[in-house]
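**Student:** Structure incoming, see below.
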Amino acid sequence: MNQATLILIKPDGLKKSLTGNILTRLSESKLEIVGAKIVRASKELAEAHYAHLKDKPFFPELIRYIQGEIHNRKKVMALVYWGEDAILKCRQLAGTTNPEEAESTSIRGAYGRITTSGLFENVVHVSANAADAEREIKLWFKPQEIIVKLYPTQEIINEQKKAIVWA
Ligand code: TYD
């Protein structure tokens, strides 16, 4: 079954110049990239993305981490991978959440670490299941930023809205 999944290369991955290595590992999946961009995550976006963890003690640090405050790299690379069993394939390549428990050949096992404060700096985010993937892709991407039609859309006319266009 064709599926979409959200991948984020987190600020530690960008700071460590791992973008190429991570994309090379993910290309083993033979999936298609249907959306890609660099994003500076707002606090609202970060908190919405990790809403399921808001009661955890590490939540404030996790938000600072994904916003790039900890690594002084205020950006993430956001990608949508699409194809057969995309979620399982990407999660296997990424490895488990805890980088010390992740297989050493996985992306998180090879490049992740646990900080002295206990935060898992695990280099990438990968959606956990189809429902999470849909929620997360809709948070990070606009419909027109993805080259396939993943989810239903609607057309609206909003003439009041200010927009920046090329001069
Ligand atoms: P979670 O959504 O549980 O895992 P995953 O990223 O594999 O879907 O957790 C989100 C992030 O929170 C995780 O990537 C790293 C961080 N985290 C910790 O720092 N400590 C923890 O004990 C857990 C569970 C997560």
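The values are calculated or read from the model by the stated rules, or taken from the named source; none is laboratory data. Note that this is a predicted model, so its numbers are computed, not measured. Cβ placement follows ideal geometry from the backbone for every residue including glycine, while neighbour counts extend to all protein chains displayed. These area figures cover heavy atoms from the full protein model, side chains too; ligands, DNA and RNA do not enter into them. Shrake-Rupley method; radii C 1.70, N 1.55, O 1.52, S 1.80 Å.
**Student:** Open to solvent by 70 Å² or more (accessible area, probe 1.4 Å) and either modelled with pLDDT under 95 or in contact with a helix residue (DSSP H, G or I) (Cβ under 8 Å, 6 or more places away or on another chain) (or both), is that true of K56? Full working, then the answer.
**Tutor:** Working: open to solvent by 70 Å² or more (accessible area, probe 1.4 Å): yes; either modelled with pLDDT under 95 or in contact with a helix residue (DSSP H, G or I) (Cβ under 8 Å, 6 or more places away or on another chain) (or both): yes.
So K56 fits the description; yes.
**Student:** Of the residues in segment 34-48, how many are within 13 Å of I7 (Cβ to Cβ) and crowded, with 18+ Cβ neighbours inside 10 Å?
**Tutor:** Summing the residues that are within 13 Å of I7 (Cβ to Cβ) and crowded, with 18+ Cβ neighbours inside 10 Å in segment 34-48 gives 2.
**Student:** As an exercise: evaluate T105 against (1) surrounded by 15 or more Cβ atoms within 10 Å (Cβ to Cβ); (2) without any contact (Cβ under 8 Å) to a residue 24 or more places away in the chain and give the number of the one condition it does not meet.
**Tutor:** All conditions are met except number (1).
**Student:** Sticking with this structure for a sec: On the given criteria, is S127 of a type in the set (S, T, N, Q), near the ligand (Cβ under 8 Å from one of its atoms) and more than 18 Å from G68 (Cβ to Cβ)? Quick ask: steps written out before the conclusion?
**Tutor:** On the way: of a type in the set (S, T, N, Q): yes; near the ligand (Cβ under 8 Å from one of its atoms): yes; more than 18 Å from G68 (Cβ to Cβ): yes.
Yes.
**Student:** What residue, of E145, E155, E136, is at pLDDT 95 or above, among the acidic types (D, E) and more than 16 Å from the ligand (Cβ to nearest atom)? Explain how you work it out, then say what you get.
**Tutor:** Working: E155 fails: at pLDDT 95 or above; E136 fails: more than 16 Å from the ligand (Cβ to nearest atom).
None of the other options fit; the residue is E145.
**Student:** Taking segment 68-84 as the region of interest, how many residues are open to solvent by 30 Å² or more (accessible area, probe 1.4 Å) and among the aliphatic types (A, V, I, L, M)? Don't jump to the end; show me each part of the working.
**Tutor:** Residues of segment 68-84 that are open to solvent by 30 Å² or more (accessible area, probe 1.4 Å), as a first pass: 69-70, 72-75, 77, 82, 84.
Adding the requirement that they be among the aliphatic types (A, V, I, L, M) leaves 70, 77.
Result for segment 68-84: 2.
Table: residues versus (1) farther than 16 Å from L6 by Cα; (2) open to solvent by 10 Å² or more (accessible area, probe 1.4 Å).
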{"site": "A86", "(1), (2)": "no, no"}
{"site": "K89", "(1), (2)": "no, yes"}
{"site": "L93", "(1), (2)": "no, yes"}
{"site": "E101", "(1), (2)": "yes, yes"}
{"site": "H125", "(1), (2)": "no, yes"}
{"site": "R135", "(1), (2)": "no, yes"}
{"site": "P143", "(1), (2)": "no, yes"}
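**Student:** Pick from segment 79-98 the residues that are hydrophobic (A, V, I, L, M, F, W, C) and within 13 Å of the ligand (Cβ to nearest atom): which of them is nearest to N129 (Cα to Cα)?
**Tutor:** By that ranking, first place goes to I87.
**Student:** Taking the condition among the acidic types (D, E), within 22 Å of V39 (Cα to Cα), away from the ligand (no atom under 13 Å from the Cβ) and in contact (Cβ under 8 Å) with a residue 60 or more places away in the chain, does E121 pass?
**Tutor:** Values: among the acidic types (D, E): yes; within 22 Å of V39 (Cα to Cα): yes; away from the ligand (no atom under 13 Å from the Cβ): no; in contact (Cβ under 8 Å) with a residue 60 or more places away in the chain: yes.
So E121 does not fit the description; no.
**Student:** While we're looking at this one, here's another question. Answer yes or no as to whether Y65 is in a strand (DSSP E or B), open to solvent by less than 80 Å² (accessible area, probe 1.4 Å) and not aliphatic (A, V, I, L, M). Give the steps one after another, and end with the answer.
**Tutor:** Details: in a strand (DSSP E or B): no; open to solvent by less than 80 Å² (accessible area, probe 1.4 Å): yes; not aliphatic (A, V, I, L, M): yes.
Answer is no for this residue.
**Student:** Only one residue in G109, G118 is over 13 Å from the mean Cα position of the chain (by Cα), in a loop (DSSP other than H, G, I, E, B) and more than 14 Å from K10 (Cα to Cα). Which one? Break it down stepwise before answering.
**Tutor:** On the way: G109 fails: in a loop (DSSP other than H, G, I, E, B).
After ruling out the rest, the residue left standing is G118.
**Student:** While we're looking at this one, here's another question. I'd like to verify a number: residues in segment 47-78 that are out of contact with any strand residue (DSSP E or B) (no Cβ under 9 Å at 6 or more places or on another chain), farther than 22 Å from L18 by Cα and either hydrophobic (A, V, I, L, M, F, W, C) or more than 14 Å from the ligand (Cβ to nearest atom) (or both), how many?
**Tutor:** Qualifying residue count, segment 47-78: 4.
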